[in-house]
Amino acid sequence: MARNEFQSFEVELEINEEMVNVEVQAGETLLHLLRNKLSLTGAKPGCLNGDCGACTVMIDNLPFKSCIMLAIEAVGHKITTIEGLRETPIQQAFIQHFAFQCGYCTPGFIINSHSLLLNHSNPTADMIKSWLASNICRCTSYQEIEEAVRSAITWEK
């Protein structure tokens, strides 16, 4: 039996605390689904191989690179995109500390930082650096990003 690479499935996904029914193709990435079918464009295509972190979303409160995750793998999991984080303390901290310049990578950093604070209420400086190492920014200093995360620690509680 020949495998049909364009086989599609109707699935139900939980995205930003809402249930969404959508048709996905067998090899479609979560990033493609979010951006092109659901118009959730906060996760950005960068390297498209999981290195840069511009496409980071949360799956069950943990950061994942949506460019290397198949959309079908997200079934049964809680997906949170930057659009699902409105007026969160970490966003305000990024603004207050000027922890961005062009903004392309910022959603991935915010998602990653929010996930860190959800999973570790009082992360150490080394833990913050370790979590942020999975995201790349080409135009700002990581110092401002780290300061934003540290300042949000008390706000998140």
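The values are calculated or read from the model by the stated rules, or taken from the named source; none is laboratory data. Being a predicted model, the structure only gives us computed values, none of them experimental. Because the Cβ atoms are built from the backbone with ideal geometry, glycine has one as well, and the counts that use them run over all protein chains shown.
List the helices (runs of 4 or more DSSP H) that sit entirely inside segment 66-157 and contain at least 3 residues that are surrounded by fewer than 18 Cβ atoms within 10 Å (Cβ to Cβ).
Those helices (runs of 4 or more DSSP H) span 89-96, 125-132, 142-156.
Going through 12, 28 one at a time, which residue ends up being in contact (Cβ under 8 Å) with a residue 40 or more places away in the chain, of a type in the set (Asp, Glu), buried (at least 17 other Cβ atoms within 10 Å of the Cβ) and over 30 Å from residue 121 (Cα atoms)?
Numbers: 12 fails: buried (at least 17 other Cβ atoms within 10 Å of the Cβ).
Exactly one residue qualifies, and that residue is 28.
Yes/no matrix, rows are residues, columns are (1) within 14 Å of residue 135 (Cβ to Cβ); (2) of a type outside the set (Lys, Arg); (3) in a strand (DSSP E or B); (4) not assigned by TED's automatic domain parsing to the domain that holds residue 108:
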residue	(1), (2), (3), (4)
14	no, yes, yes, yes
22	no, yes, yes, yes
27	no, yes, no, yes
31	no, yes, no, yes
44	yes, no, no, yes
54	yes, yes, no, yes
64	yes, yes, yes, yes
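Of everything in segment 39-61, what is touching a residue at least 24 places away in the same chain (Cβ under 8 Å) and surrounded by 15 or more Cβ atoms within 10 Å (Cβ to Cβ)? Give them in sequence order.
Answer for segment 39-61, where residues must be touching a residue at least 24 places away in the same chain (Cβ under 8 Å) and surrounded by 15 or more Cβ atoms within 10 Å (Cβ to Cβ): 40, 42, 43, 44, 46, 52, 53, 54, 55, 56, 57, 58.
Considering 106, 124, which residue is over 24 Å from residue 15 (Cα atoms) and either without any contact (Cβ under 8 Å) to a residue 40 or more places away in the chain or hydrophobic (A, V, I, L, M, F, W, C) (or both)?
124 is the lone residue from the list that is over 24 Å from residue 15 (Cα atoms) and either without any contact (Cβ under 8 Å) to a residue 40 or more places away in the chain or hydrophobic (A, V, I, L, M, F, W, C) (or both).
Output the number of residues of segment 32-71 satisfying the condition of being closer than 18 Å to residue 138 by Cβ, of a type in the set (A, V, I, L, M, F, W, C) and more than 10 Å from the chain's Cα centre (by Cα).
Counting residues in segment 32-71 that are closer than 18 Å to residue 138 by Cβ, of a type in the set (A, V, I, L, M, F, W, C) and more than 10 Å from the chain's Cα centre (by Cα) gives 4.
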